[in-house]
Amino acid sequence: MPRTRAQRRAAQGPLGGLDDDALRRVLTFLSVADSRRIAGGASKALRGVATSNELTRLRGSESYVLRGSDHGVVHALATALGTQPWRRVSFTYHACMVAPHFEQITNAAMPPSRLRIIPQRRLLDAPVVHLREDRVFPFQVVDRDSHEDLITIGECCVLSGTLVEFQLPFQLQLSSFRLAHGSCSVRNFGDWVFEAFDGERWHVLYECGASPWVEIPFGFDGPAKCFDVDGTAVASSRFRLRMLDVVAEHGDHDIEALRCLHIRDFELFGTVLPPWSV
């Protein structure tokens, strides 16, 4: 009795179930001799190639497109492109919402070591240094769970010119970015720009007028939003969010004293340009 096509494929082994295009892609990683082995031998050879230093180097010689609006560059750096769990830590710091006291943070997402987060603050009233807690700010930026306890006074009532810069270990052709904002003054978080540095000057990729969370009720966090940038955005390893001069824009000194910079859930999306590595 003649065999069906499914039966013939089953007889050919596990690789026989792949369509022609997928099969060709798999076999390009193996030598001819390896490909002619039995399924177990070919599988072992394929695993060896997949974990080789040569493939690791070749992988980083091509562009890598970050798809979707969930996992981007920050997640990739924190998890070795999804191959490791995001490291989480617990720590104690000086909280400063009402009166100085110690706050215990548990299971906080650790900022990626290869992502540099550099704030430059201009404040209406400079807080006591130990209450500003500079070491907590990067945790606040990458946090996705909106722990209100992570908010520090070092980002309250910022003046125009305040910024936070993000430095990557590779160049990125940015397509969009995501951020959320803590409840403190979220309705006033407007008049800012997101910029990229091309090696000579900063380029504005996105400009915000009114706060994206102007309709949020008082006391609630601003949920994460994605912001698309110009498709011709420059490739860069340095990006920053900078607060504009609201006095020059609106002629109202009261507005400037109402803005805070409690960035949460920051993420970048686009195409990672070579060379890069896990």
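For a Förster distance of 41 Å, can you work out the FRET efficiency between the beta-carbons of residue 235 and residue 44, rounded to the nearest 0.05?
Efficiency computed from Cβ-Cβ geometry: 0.55.
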### Message
Please compute the length gained on full extension between residue 210 and residue 71, using 0.36 nm multiplied by the number of residues separating them and subtracting their Cα-Cα distance.
### Response
47.3 nm
### FRET efficiency, 1/(1 + (r/R0)^6) with R0 25 Å, evaluated for residue 277 and residue 90 via beta carbons
0.25
### Task
Subtracting the Cα-Cα distance from 0.36 nm times the residue separation, let me have the gained length for residue 198 to residue 218 in nm, one decimal.
3.3 nm
### ³J(HN,Hα), Karplus 6.51/-1.76/1.60, whole Hz, each residue of the stretch 104-116, x for Gly, Pro
9, 10, 10, 6, 7, 5, 6, x, x, 5, 8, 9, 8
#### Entry: residue 145 versus residue 167: modelled label distance in nm, points set 7 Å from Cα along the beta carbon direction
3.0
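Computed from the coordinates by the stated procedures, all read-outs in this text should not be read as laboratory data. On a predicted model such as this, the values are computed, not experimentally measured, just so you know. Glycine also receives a Cβ, built like all others from the backbone with ideal geometry; neighbour counts cover every protein chain displayed.
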